[in-house]
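Input: a single structure, listed below in structure tokens.
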Ligand SMILES: NC(=O)c1ccc[n+]([C@@H]2O[C@H](COP(=O)([O-])OP(=O)(O)OC[C@H]3O[C@@H](n4cnc5c(N)ncnc54)[C@H](O)[C@@H]3O)[C@@H](O)[C@H]2O)c1
């Protein structure tokens, strides 16, 4: 048996919004393989995530069960980070005075990494599972400049910003460090409902991951993306007709079924493990093969 062993590794997981998030399943798979976890959540969602991690409601208890009978999810810390901001100096007045943000202290990327450096000193695994556009329901033709730039900033540039700030903790780790981000087919082919600048953001994220893989390879840091098939998470539910997109992908995929978040999580664990030690700068599709089809499958 070939084991995936991440024991002794520290994983910083961004993008947990609730227990439906891809990042939630990814965190559980990483921990099932032995990794310790720190979550970096959007400041407005920290309380929600902390509740899900501690509540006794049977649904929450069940959602904390690790796969492979590996026990129960345990997170070292839940930190607040809004990846729109590199430093607190970038934060606008209104946000700075918003108590839901202010109560977390320094919720910028720099603030997050300062805490990581002080409390842990190392990061072996960085998960980027973040996307946002204020106009996701608008087709490309109807997307404003401001929404387009927000989508690019939050969903794409944040990978560069997080890796730059994390670099002193990730470089030259024993066995190397790994970053994995999430992308979507809409970043390379037209998926009309994927508007609001999100398709452009995913296209940017995909070339950024290659650039970053080249920049950071000499420091023994690998950077890969998973292009996941459609799945009804909180973010995806904001997209028009996500259920239709899921059904259509399922019907037209070679495997004729939707993906599961566990499948994305398992692939992430593999990409972060020594089994993937020569894989960097890649986009791995976890989409039941949907992307390979040039026409609907024959019945
Ligand atoms: N669900 C799908 O169909 C699908 C398919 C392919 C790729 N993806 C990608 O998977 C990733 C995770 O999405 P998900 O589907 O799990 O949805 P989700 O809503 O659970 O996760 C998105 C996360 O982004 C976070 N976020 C948004 N703006 C932020 C900011 N400024 N600072 C910090 N965090 C911020 C949200 O808090 C949330 O936790 C995204 O990159 C998404 O594009 C999703």
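The values are calculated or read from the model by the stated rules, or taken from the named source; none is laboratory data. Given the structure is predicted, the values throughout are model-derived calculations rather than measurements. Here the Cβ positions follow ideal geometry from the backbone for every residue, glycine too, while neighbour counts run over all protein chains shown.
Per the conditions (1) closer than 29 Å to residue 32 by Cβ; (2) away from the ligand (no atom under 15 Å from the Cβ), the sole criterion not satisfied by residue 207 is (1). Number of residues in the range 5-20 that are within 7 Å of the ligand (Cβ to nearest atom) and either crowded, with 22+ Cβ neighbours inside 10 Å or assigned to a strand (DSSP E or B) (or both): the value is 3. Residue check: is residue 183 in contact with a helix residue (DSSP H, G or I) (Cβ under 7 Å, 6 or more places away or on another chain) and either surrounded by 21 or more Cβ atoms within 10 Å (Cβ to Cβ) or at pLDDT below 95 (or both)? In short, yes. Residues that are within 15 Å of the ligand (Cβ to nearest atom) and surrounded by fewer than 18 Cβ atoms within 10 Å (Cβ to Cβ) within the range 138-152 comprise 146, 149, listed in sequence order.
Can you tell me which residues in the range 192-203 are in contact with a helix residue (DSSP H, G or I) (Cβ under 6 Å, 6 or more places away or on another chain) and surrounded by fewer than 20 Cβ atoms within 10 Å (Cβ to Cβ)? Residue satisfying the conditions is 203 alone. Of the residues making up the range 28-51, just one is within 14 Å of the ligand (Cβ to nearest atom), surrounded by fewer than 24 Cβ atoms within 10 Å (Cβ to Cβ) and not in a helix (DSSP H, G or I), namely 42.
Comparison of 268, 280 shows that the only residue that is more than 9 Å from the ligand (Cβ to nearest atom), closer than 22 Å to residue 18 by Cβ and either over 14 Å from the mean Cα position of the chain (by Cα) or part of a helix (DSSP H, G or I) (or both) is 268. Only one entry in 171, 188, 135 is under 19 Å from residue 217 (Cβ atoms), more than 15 Å from the chain's Cα centre (by Cα), more than 10 Å from the ligand (Cβ to nearest atom) and at pLDDT 95 or above, namely 171.
Restricting the range 69-95 to residues that are assigned to a helix (DSSP H, G or I) and loosely packed, with under 12 Cβ neighbours inside 10 Å, the residue that is nearest to the ligand (Cβ to nearest atom) is 94.
Criterion applied to 207, 141, 221 was being free of Cβ contacts under 8 Å to residues at least 40 places away in the same chain and over 22 Å from residue 291 (Cα atoms), and the one residue passing it is 141.
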